[in-house]
1. What relative contact order, as a whole-number percentage, does the chain give when Cα pairs under 8 Å and 6 or more residues apart are counted?
2. Hey, what number do you get for the chain at 222 nm if only DSSP H runs of n ≥ 4 count, each worth -39500 (n - 2.57), divided across all residues, to the nearest 500?
3. For semi-axes √(5λ) of the Cα gyration tensor in Å, the choices are [x] 44, 22, 17; [y] 33, 20, 19; [z] 62, 22, 16; which was calculated from the structure?
4. Helix 150-160: angle to the longest alpha-carbon principal axis of the chain, degrees 0 to 90, nearest 10?
5. Taking the chain as the reference, fit the longest principal axis to its C-alpha atoms, fit the long axis of helix 75-84 to the helix C-alpha atoms, and give the angle between the two in degrees, 0 to 90, nearest 10.
6. Given the C-alpha centroids of the range 241-260 and the range 150-215, what is the distance between them in whole angstrom?
7. Relative to the first principal axis of the alpha-carbon coordinates of the chain, what is the inclination of helix 184-200, with its axis defined by its Cα atoms, in degrees from 0 to 90 and to the nearest 10?
8. Quick check: residue separation of residue 158 and residue 72 times 0.36 nm, minus the Cα distance between them. What number comes out in nm?
């Protein structure tokens, strides 16, 4: 919930205008105050108030004041940055530090969520990565047998027999981040922002769809991760130090858009 300092309020009304829940109303004195309606703590009123009259019942020590040079990016540079990103399938053996992974997670933490739910969770696979990989391959092998997928059967057996020429699941990545959420959109937005943060740090990311598929078809893995209808695995992000330098961007199909 929020409070508004009535002595400090300058009666501009911006807080009420931005409140999606209509939880702020004008008082007879012309100031603005919470009206008792439900508040989702989105913070819009806190962020827009020009005199800091709005306070929230959460820890605000991390709050940053607006600085145009600090918070704005050049649009063409950002687009070029996005155009250059590639899925990385070749990593050095050196692991990321805990501090580096925590910075990537901060990008997920500050991502938008529907109704400000902020329910996206993360599991960092580090020491348990090899055991997780083995369980995923067992699940994929079983799926391949049941659905006549000789490609999956071969890859899984190559792994299990130790004869695969290269790691065709995590491609040498030593760590991974599992993104867990009730909403696929919320989890996807967080994963996308985390990917951009990793690339801004000079790191690489691979969305491992096969790992998500393996978990989906393994009750053992789902139980281990505590998954259910409210906690779904949205993405498995392999993270690491890339052992490759891409020399250029890659062509893409034209935008498929309808102007209505």
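1. Values: 364 pairs, mean separation 54.3, N = 260.
21 percent.
2. That comes out to -11000 deg cm²/dmol.
3. [x]
4. Orientation of helix 150-160: about 90 degrees from the principal axis.
5. 20 degrees
6. Measuring centre to centre over Cα atoms gives 20 Å.
7. 80 degrees
8. Residue separation times 0.36 nm, minus the Cα-Cα distance, leaves 26.1 nm.
Any read-out appearing in this document is the output of simple, stated calculations on the displayed coordinates, not a laboratory observation. Note that this is a predicted model, so its numbers are computed, not measured. For neighbour counting, all protein chains shown are included, and Cβ atoms are generated from backbone atoms with ideal geometry for every residue, glycine included.
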